[in-house]
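Colleague: Input: one structure, supplied below.
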Amino acid sequence: MKGAIAAYNRADQRADASAEATLGLVYLEQGDEDAAHDAYSRADERGDAEAAVNLGLLRERAGDLAGAEAAYRRADARGSAHGAFNLGALFEDHGDLANAAEAYHRADQRGDAGASAKLGMLLERQCDYRGALEAYARAQRSDQPEIAELARSRAQALAVGLSVAEKGQR
């Protein structure tokens, strides 16, 4: 492991963001969150979107929500579905459903099935049932069985509820 760390450190000296992000993962696996934070910070400064996501996760876990949000925003701006998803979750956790829906929508557009499911749930809560069903349909195409099943069951329950409501209005 020391040889790998030395190799990644040499790559870091060449300003290799990908190697620096990998070094952050190595440090994290060793339980050294401070070193991982430093490595992810350097990779983020060099434009690595997924390093920004990982930095955001570390900052969120440490209770630095402003730092986490800033890191997720940088990842999102760089086109990261994970960054947009985590930004959406942070907004949702703090009751900002409008910004959460926008962030989940960006992650959904980038192919994140979990974001499609979360977007569907938010849209359902906002009574946008058509939008919710469309989001659930995208999530059902996921190669992650638990997400696909969640979306299928949510869509089915919503369709049944809408059918019952429609019959009651007749």
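Colleague: For residues that are among the aliphatic types (A, V, I, L, M) and over 22 Å from Ala89 (Cα atoms), tally how many sit in segment 14-62.
Modeller: The qualifying residues number 12.
Yes or no, residue by residue, for (1) modelled with pLDDT of 95 or more; (2) among the polar types (S, T, N, Q); (3) more than 17 Å from Asn99 (Cα to Cα):
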| residue | (1), (2), (3) |
| --- | --- |
| Ala113 | yes, no, yes |
| Ser116 | yes, yes, no |
| Met121 | yes, no, no |
| Arg125 | no, no, no |
| Ala139 | yes, no, yes |
| Ala151 | yes, no, yes |
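Colleague: Still on this model: Does Arg42 fit the bill of being under 14 Å from the mean Cα position of the chain (by Cα), among the basic types (Lys, Arg) and within 22 Å of Leu28 (Cα to Cα)?
Modeller: No, not satisfied.
Colleague: Hey, does segment 110-125 have a residue that's basic (Lys, Arg) and either more than 30 Å from Ala155 (Cα to Cα) or surrounded by 22 or more Cβ atoms within 10 Å (Cβ to Cβ) (or both)?
Modeller: yes
Colleague: Could you look through segment 54-88, keep only residues that are part of a loop (DSSP other than H, G, I, E, B) and not acidic (Asp, Glu), and pick out the one that is surrounded by the fewest Cβ atoms within 10 Å (Cβ to Cβ)?
Modeller: Gly63
Colleague: Looking at segment 89-148, what helices (runs of 4 or more DSSP H) fall wholly within it and have at least 3 residues that are out of contact with any helix residue (DSSP H, G or I) (no Cβ under 6 Å at 6 or more places or on another chain) and more than 22 Å from Leu65 (Cβ to Cβ)?
Modeller: In segment 89-148, 129-140 are the helices (runs of 4 or more DSSP H) which contain 3 or more residues that are out of contact with any helix residue (DSSP H, G or I) (no Cβ under 6 Å at 6 or more places or on another chain) and more than 22 Å from Leu65 (Cβ to Cβ).
The values are calculated or read from the model by the stated rules, or taken from the named source; none is laboratory data. What you see is a predicted model, and the numbers here were worked out from it, not measured in a lab. FYI the Cβ positions are ideal-geometry reconstructions off the backbone, even for glycines, and counts take in every protein chain you see.
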